[in-house]
1. Per-residue counts of other Cβ atoms within 10 Å, averaged by peptide: what ranking do you get for 217-225, 197-205, highest first?
2. Roughly how many nanometres apart are two label points built 7 Å out from the Cα toward the Cβ at I143 and D297?
3. Rounded to the nearest 10 Å², what accessible area does R52 show when all protein chains are kept and the probe is 1.4 Å?
4. Cα axis of helix 111-121 to longest principal axis of the chain: angle in degrees, 0 to 90, nearest 10?
5. For segment 224-365, what is the relative contact order in percent, using Cα pairs closer than 8 Å and at least 6 residues apart in sequence?
6. Over the heavy atoms of L182, what accessible area does a 1.4 Å probe trace out, to the nearest 10 Å²?
7. Roughly how tilted is helix 44-63, in degrees to the nearest 10 and between 0 and 90, from the longest Cα axis of the chain?
8. Accessible area per residue, 1.4 Å probe, Å², for segment 348-442: what's the number?
Amino acid sequence: MRLSRYFLPVLKETPAEAQIVSHRLMLRAGMIKQASAGIYSWLPLGYKVLRRIEQIVHEEQVRAGHIPMLMPTLQSAELWRESGRYEDYGEEMLRIKDRHGRDMLYGPTNEELITDIFRAHVSSYKDLPLTLYHIQWKFRDEIRPRFGVMRGREFLMKDGYNFDIDKEAALHAYNRHLVSYLRTYERMGLQAIPMRADSGPIGGDDTHEFLVLAETGESEVFYDSQITDLRFGEREVDYDSVEECRAVLEEFTSRYARTDETHDETVFHEQVPEDRRRSARGIEVGQIFYFGTKYSDAMGAVVVNDKGERMPVHMGSHGIGVSRLLGAIIEASHDDKGIIWPEGVTPFHAGIVNLKQGDAAADTACEGLYNALVVKGLDPLYDDRSERAGAKFATMDLIGLPWRITVGPRGLEKGVVELTSRRTGESEELAPETAVDRLVQIYAGHL
Ligand code: 5CA
């Protein structure tokens, strides 16, 4: 993309309404624009990152054997009356009447809708296990939407639902989700720690939230500092293996880590030596639930088992806050100049800054670099505007591309361009072809 043709409405001023750094930077970098309280338009740069995050979520869900689909945002109140949640959900649910006076709602989550699909089409244990998921907009009429996309009213969620013959099988699905979530967040450059949590309106006893530690997080958390040393890394896990998935769950959840709703000071003191006890704040970027037969009992989702008996199906649901993740990543990765995108989610792989637009050699070199990167499957942003170098650098730093290639007549006389890391600020002078090769190597694991 050439910046002169792109739509990147960066702001010079720091917007007064934004209280936390990720919200400020998303507004300043022209990623989002508020449409109304807690509802945002995704401008091209923000939309690009959103799509990259979605893509990672899809890839990791499919890798775990989960099946993508799409359910609507608007739902009929009938199903929610069946489960008993139409009244229970309270004021967070946006209720709408259609022209025939029928009660509808903008879905805050999809347990009812998916259970209805399941009961219409599945009746035998032979069709299990089954995990269906979608990435779809949700609406929760939060009393205090704030911090931009962190606590929106309309927000994008990946929500997945497992259907299993019994508790044991459903707990394997729970563990499988935990493994897939660890992989997902790490690919985005995040450490998200599973913590024992409260299940709220979704229900059930088994639930973990995934938290990214950050001062601006809305959750208060308590944990054993050893947990922050754990990394999932490059390991391959067989998602069909009950033992392997359970071992990962045990590794990542055996140490004390809880949100304030489940925190128990006595247990904390018993289990964790004083020098490892931490209390901090965190951003909840996902949550997994096992709730047994809560919805299948209420809505009659039954399968026949191998003995011919009719059994309510065991279920769980599993959510990732896709749009919230943009805020969480920025909270975890920025400096005073702007955002620093991890390679896995960056909107463009590299920025090309032409120090002297209109100079024949510089223009030709930039075009050459641009084309060479595109041919290699990379997605560069070429700042081809006739701006001062300082302004071009400031824009690149603000929007946070992890790599910048700077091209100027003086370097070109020596046959070099400069490759700069946004994270470390370190630069290297390289022949243009070498700079391209270097970027290809850097992104090899991310394309
Ligand atoms: N049905 C279950 C799982 S599919 C469910 O709704 N879980 S949830 O309530 O925990 O939401 C899943 C994730 O969505 C949360 O972990 C959080 O990251 C994100 N989320 C929840 N509310 C908001 C909100 N108001 N704004 C942005 N993201 C949100």
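1. My ranking of the peptides, most packed first, is 217-225, 197-205.
2. Output for this residue pair reads 3.0 nm.
3. Accessible area of R52: about 60 Å².
4. Between the helix axis and the principal axis of the chain, the angle is about 70 degrees.
5. Numbers: 100 pairs, mean separation 21.6, N = 142.
Rounded, it is 15 percent for segment 224-365.
6. Ignoring ligands and nucleic acids, L182 comes out at about 10 Å².
7. 50 degrees
8. Working: 4220 Å² over 95 residues.
Heavy-atom SASA per residue in segment 348-442 reads 44 Å².
The values are calculated or read from the model by the stated rules, or taken from the named source; none is laboratory data. Bear in mind the structure is a predicted one, so any value in this text is a computation, not a measurement. A quick note on method: Cβ atoms are made from the backbone with ideal geometry, for glycine too, and the neighbour counts reach across all protein chains shown. Quick note on the areas: whole protein, heavy atoms, side chains included, nothing else; ligands and nucleic acids left out. Shrake-Rupley method; radii C 1.70, N 1.55, O 1.52, S 1.80 Å.
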